[in-house]
Ligand code: NZQ
Ligand code: ZN
């Protein structure tokens, strides 16, 4: 096991009705905030009205900025930064999914600097401070509600890039599983796939003696595999949503990578796909992850076989762990399909004509490799994308 420091400071308020506390949680930090949200789901669900009522009750005033798109855009971030600076806002309140939260984090960094916040996304410098962010989560998926990450797409060049900083842990996140009842089935599938991906990125590691966190990750994966069909069958199954929502937060709050070194190549490759083609992150991962696995499984057959046996209930065959490993990958693909997702680029309507461009962008012109389990150069990424065809 590697040395590690673990501290996740995000205060979680979990359960029915918890959004009614958003006013008091916000007021603790500021009485004048930016209320940031997406394309309207919070209005049709009634959440918007409840959040406003709670803010009013706590004496918090706000400026609104809606319209965050999935794969959140840099242009709206700039608008948010302008509003935050002009009105001297003290907190960015994100009500929505990972896209809204990531956009809020970008605004929080940009509001306290004179320069261009995009520089951080391009690896030029790191944030030294940020406004506090609070969240009311409406979809279990990205884990941004208690992560250090923000992922933004810049329309100039359609680059989708991330920043990770401990300054970006939300100060509080409100998780009411009922808020997920209104999710379309496609978003449910994408969210579950993203959570699975956060677990698999951590699971496939070269660090030995990590059996404790192996078991925690396996348990979290099994939870998703068991609970996802229940919410797809009955979108109002509170108990199943509660399991998925809490699993989604834990999957990405850094607890499960303590002492390990995760991979993250599949995420980097997927960001190139959703950057160019604007597909949902989870839908892209359902395509990239199995292809990545087919490319790297030889590197550690035993780890793949262990995953297949413990997570997917494949029968162990000590004389043929290769077949066991491949069966695990097949079951992952079958799981995605059972939720209605495709597992090939063609299923996303993507042809092979920009594979070279994606591999090139992902490695910045082959100047660096991607991933830790097996470091991948431009050629390797091309191969993986071909396996996804
Ligand atoms: O915009 P609205 O109208 O709210 O609709 C959204 C959106 O269309 C809808 N939705 C959300 N909650 C709903 C709902 N519809 C009905 N009822 C509800 N309760 O779902 C759609 C997708 O929302 P989005 O926020 O884009 O989804 P998600 O949470 O999956 O976030 C995806 C983004 O997060 C990034 C991804 O790359 C992607 O850009 N990620 C962020 C990470 C992080 N910050 O740590 C890590 C992840 O790996 C990921 O890369
Ligand atoms: Zn993800």
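When 188, 231 are checked against the criterion of being near ligand 1 (Cβ under 10 Å from one of its atoms) and either over 21 Å from residue 146 (Cβ atoms) or surrounded by 23 or more Cβ atoms within 10 Å (Cβ to Cβ) (or both), a single residue qualifies: 188. Does residue 60 count as crowded, with 17+ Cβ neighbours inside 10 Å, within 16 Å of ligand 1 (Cβ to nearest atom) and over 20 Å from the mean Cα position of the chain (by Cα)? So residue 60 fails the test.
If you go through segment 357-389 and keep only what is in contact with a helix residue (DSSP H, G or I) (Cβ under 7 Å, 6 or more places away or on another chain), more than 21 Å from residue 333 (Cβ to Cβ) and loosely packed, with under 15 Cβ neighbours inside 10 Å, you end up with just 366. Residue 272: outside the structural domain of residue 140 (by the TED database), farther than 20 Å from residue 148 by Cα, crowded, with 24+ Cβ neighbours inside 10 Å and within 13 Å of ligand 1 (Cβ to nearest atom), yes or no? The answer is yes for residue 272. Checked against (1) at pLDDT 95 or above; (2) away from ligand 2 (no atom under 16 Å from the Cβ); (3) on the phi > 0 side of the Ramachandran plot, residue 143 passes all but condition (2).
When segment 275-295 is limited to residues that are closer than 22 Å to residue 225 by Cβ and away from ligand 2 (no atom under 11 Å from the Cβ), the one that is surrounded by the fewest Cβ atoms within 10 Å (Cβ to Cβ) turns out to be 294. Screening 172, 204 for residues that are away from ligand 1 (no atom under 15 Å from the Cβ) and in the same structural domain as residue 123 (by the TED database) leaves exactly one candidate, 172. Scanning segment 302-322 for residues that are over 27 Å from the mean Cα position of the chain (by Cα) and part of a helix (DSSP H, G or I) turns up 302, 321, 322.
The values are calculated or read from the model by the stated rules, or taken from the named source; none is laboratory data. Predicted model, so just to flag it, every value in this text is computed and none were measured. Every residue, glycine among them, receives a Cβ derived from its backbone with ideal geometry; neighbour counts consider all protein chains shown.
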